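A.B. asks: Mind looking over this structure? Questions follow.
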Amino acid sequence: MKRIDNKELNSSLDAEWMRLELIDQMTRTYSGGKMLDFLKSNPKNEDFVISRCGEQVKSIIEANSKKKEFIMPEKKIPLHLKFKLQIKKLLKSSWFRDQIIKLILRKSELDALLIGRFHLCGEKHKYMYDRISLANFLKEIGFVCITRQTHITSLISNWNNYLLDNTISGSPRKPDSLYMEAIKPS
């Protein structure tokens with residue numbers, strides 16, 4: 001807020017991105033949500049966004065900017081190949097089922113079905129924790145030795161060598177992540 005009050009460059013965009021980080025991941029109704037829309041808009045604050053979210057968003061921003069500079073010419077598909085592709089689509093059961101559903105359901109019903117499917121697919125966050133609320137929850141369900149970690153620290157020896165939360169260079173895969181560790185007593 002101080003940066004916005006001081007009218008620093010891109011401070012309003014940075015604040016918008018942080019709101020998206022918090023809210024979009026819990027309220028989105030389609031893959032990538034408003035965060036992906038923002039990344040595809042060639043944001044002027046891309047350095048800030050990359051510093052918050054790491055390589056994952058950098059590749060999206062770069063792919064989008066390259067797409068804008070170079071547009072592939074549309075290829076002509078011969079008629080016999082178009083026909084073959086249509087037959088393959090028809091035989092693919094999930095595609096066929098979806099086409100029948102589209103014929104039966106009204107647009108509002110289809111939208112509700114698609115939102116429900118997306119809600120259950122696992123991309124959308126169902127809970128939001130900070131280190132205090134997560135530590136309290138872990139304690140409540142019986143965990144002990146609850147400690148905050150970083151992307152390269154753990155009670156597991158040589159954790160950083162597994163490259164699960166860090167890149168080869170040692171930077172975090174997702175700098176905005178919260179790392180907590182706890183032990184379940186036997």
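A.B. asks: Within region 38-62, track down each residue that is over 24 Å from L164 (Cβ atoms) and not in a helix (DSSP H, G or I).
C.D. replies: Residues satisfying the conditions are K40, S41, N42, P43, K44, N45.
A.B. asks: Looking at (1) touching a Lys or Arg at 6+ places or on another chain (Cβ under 9 Å); (2) among the acidic types (D, E); (3) free of Cβ contacts under 8 Å to residues at least 60 places away in the same chain, can you tell me which one E109 breaks?
C.D. replies: So the condition that E109 fails would be (1).
A.B. asks: Suppose we keep only residues that are surrounded by 12 or more Cβ atoms within 10 Å (Cβ to Cβ) and on the phi > 0 side of the Ramachandran plot within region 22-47. Which one would you say is nearest to the chain's Cα centre (by Cα)?
C.D. replies: G32
A.B. asks: Taking region 38-64 as the region of interest, how many residues are of a type in the set (A, V, I, L, M) and free of Cβ contacts under 8 Å to residues at least 12 places away in the same chain?
C.D. replies: Start the filter on region 38-64 by keeping residues that are of a type in the set (A, V, I, L, M), which leaves 39, 49-50, 57, 60-61, 63.
Checking the rest, the ones that are also free of Cβ contacts under 8 Å to residues at least 12 places away in the same chain come to 50, 63.
Residues meeting the conditions: 2.
Rule-based calculations on the coordinates, nothing more; no lab input. The structure displayed is predicted, hence computed values, not measured ones. Note that we place each Cβ from the backbone using ideal geometry, even for glycine, and neighbour counts take in every protein chain shown.
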